[in-house]
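**Q** The following block contains the structure, expressed as structure tokens.
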Amino acid sequence: MQNTYKYLLFDLDGTLTDPAEGITRAVQHALGKYGINVADRRELLPFIGPPLQQSFQDFYGFAPEQANEACEAYNEYFLPKGIFENKPYDGIHAFLGRLRREGRTLLVATSKPEILAKRILEHFELLPYFDFVGGDTMERTRSDKAKVIRYVLQAAGISRQKEAAVMIGDRKHDIIGARSNGIDSIGVLYGYGNREELARAGATFIAPTLDSVLQFVRDKGSMA
């Protein structure tokens, strides 16, 4: 596999599954605690992808301590209900199965708490495809995507084989995190980022579909 990628790191939200309903309802719930009423949940779609506490700061001007409190309020809705208001993208099972049959190592690198990511993957029968699932802690000590990617690379024992690794995600945080760790990246357009965001962040390749991801992974760099 010298001219291909052997180690594939996947974002979760917006890349493997579409979590829009659960995340936006949970954010809506949390903001309501502060007297902020958002009637149209489409306004909250930018929360999908970035670290949660950072989003409360960036989008609503919360101070760091207040943002952490808002995360706790978010979990009041998300943990019992919102976590499964989610759905795998069409074709994702077949896509992951094909990659596994080709002998590739599949990993998850998400800013979502690791324990919750595993619950979601197990619920949607996606967990068996992955050799390792890495994410944040429930205390939000590893939410930055660069830290998560570094953690996954180290845990999977591939820190010295970075040329064979690629990060696949839908937001700029995935691309920037990959670059800071010295690995290539694929930005997908079927999630919640757009071409301009992914290109500006420096994606190695931008893929509109799962088929185009597969083609680039198989023939490393030929489509860049």
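The values are calculated or read from the model by the stated rules, or taken from the named source; none is laboratory data. Source: prediction; values computed, not measured. Cβ placement follows ideal geometry from the backbone for every residue including glycine, while neighbour counts extend to all protein chains displayed. All accessible areas refer to the heavy atoms of the entire protein, side chains included, with ligands and DNA or RNA removed. Shrake-Rupley method; radii C 1.70, N 1.55, O 1.52, S 1.80 Å.
**Q** Can you classify the stretch 124-195 as rounded, prolate or oblate using the Cα gyration tensor, where a ≥ b ≥ c are the square roots of its eigenvalues, rounded means a/c under 1.5, and otherwise it's prolate if a/b beats b/c and oblate if not?
**A** On the way: a/c = 1.23, a/b = 1.10, b/c = 1.12.
Taking the square roots of the gyration eigenvalues as a ≥ b ≥ c, the stretch 124-195 is rounded.
**Q** Right, next: Using the Kirkwood radius over C-alpha pairs as Rh, can you work out the diffusion coefficient of the stretch 92-158 via Stokes-Einstein at 4 °C, viscosity 1.567 mPa s, in µm² per second?
**A** Estimated via Stokes-Einstein, D reaches 105 µm²/s.
**Q** Quote the FRET efficiency, to the nearest 0.05, computed for Thr141 versus Lys81 with a Förster distance R0 of 25 Å and r equal to the Cβ-Cβ distance.
**A** With R0 = 25 Å, the Cβ-Cβ based efficiency is 0.50.
**Q** What net charge is computed for the residues neighbouring Ile175, neighbours being all others with C-beta under 14 Å from the C-beta of Ile175, Lys and Arg scored +1, Asp and Glu -1?
**A** Net local charge, Ile175 excluded: -1.
**Q** Quick check of the Kirkwood formula: for the stretch 63-177, what is the inverse mean of 1/r over all pairs of different Cα atoms, in Å?
**A** Here the Kirkwood hydrodynamic radius works out to 15.5 Å.
**Q** If each residue of separation counts as 0.36 nm, what is the full-extension length gain between Arg119 and Glu163 once their alpha-carbon separation is subtracted? Don't jump to the answer; show the numbers that get you there.
**A** On the way: separation 44, 0.36 × 44 = 15.84 nm, distance 3.06 nm.
Stretched fully, the Arg119-Glu163 segment lengthens by 12.8 nm.
**Q** Another question, then. Just the number please: accessible area per residue for the chain, 1.4 Å probe, all protein chains included, in Å². Write out the running numbers ahead of the final one.
**A** Working: 10110 Å² over 224 residues.
With all protein chains present, the chain gives 45 Å² per residue.
**Q** I would also like to ask the following. Could you work out what % of the accessible surface of the stretch 1-61 is carbon and sulfur, using a 1.4 angstrom probe and leaving DNA, RNA and ligands out of the count? Before the final figure, lay out each step's value.
**A** Values: 1070 of 2560 Å².
That share works out to 42 percent.
**Q** Can you list the lysines whose alpha carbon is less than 16 Å from that of Lys220, not counting same-chain residues fewer than 8 positions off?
**A** Leaving aside lysines fewer than 8 places away in the same chain, those within reach of Lys220 are Lys6, Lys162.
**Q** Taking amide H positions as placed 1.01 Å from N in the peptide plane, with prolines and chain starts having none, which residues 5 or more places from Ser111, or on another chain, fall under 5 Å of its amide H?
**A** Answer set, sorted by chain and number: Leu12.
**Q** Sort 14-25, 136-147, 121-132, 34-45 for me by packing, meaning the mean count of neighbouring Cβ atoms within 10 Å per residue, highest on top.
**A** Ranked by mean Cβ neighbours within 10 Å, highest first: 14-25, 136-147, 121-132, 34-45.
**Q** Continuing with the same structure: Given axes a ≥ b ≥ c from the Cα gyration tensor, I'd like to know whether the stretch 1-100 is rounded (a/c under 1.5), prolate (a/b larger than b/c) or oblate.
**A** Note, shape of the stretch 1-100 comes out prolate.
**Q** Taking Rg and Dmax of the Cα atoms in Å as the quantity of interest, determine which of (i) 18.6, 59; (ii) 20.6, 66; (iii) 16.8, 55 was computed from the displayed structure.
**A** Here Rg and Dmax of the Cα atoms in Å agrees with entry (iii).
**Q** Let me ask something else. Could you work out the relative contact order of the stretch 1-125, using alpha carbon pairs under 8 angstrom and six or more residues apart, expressed as a whole percent?
**A** 42 percent
**Q** Could you please report the charge total around Pro64, scoring K, R as +1 and D, E as -1 over all other residues with beta-carbon less than 12 angstrom from its beta-carbon? Don't jump to the answer; show the numbers that get you there.
**A** Details: positive: Arg140; negative: Asp58, Glu65, Glu69.
Its environment carries a net charge of -2.
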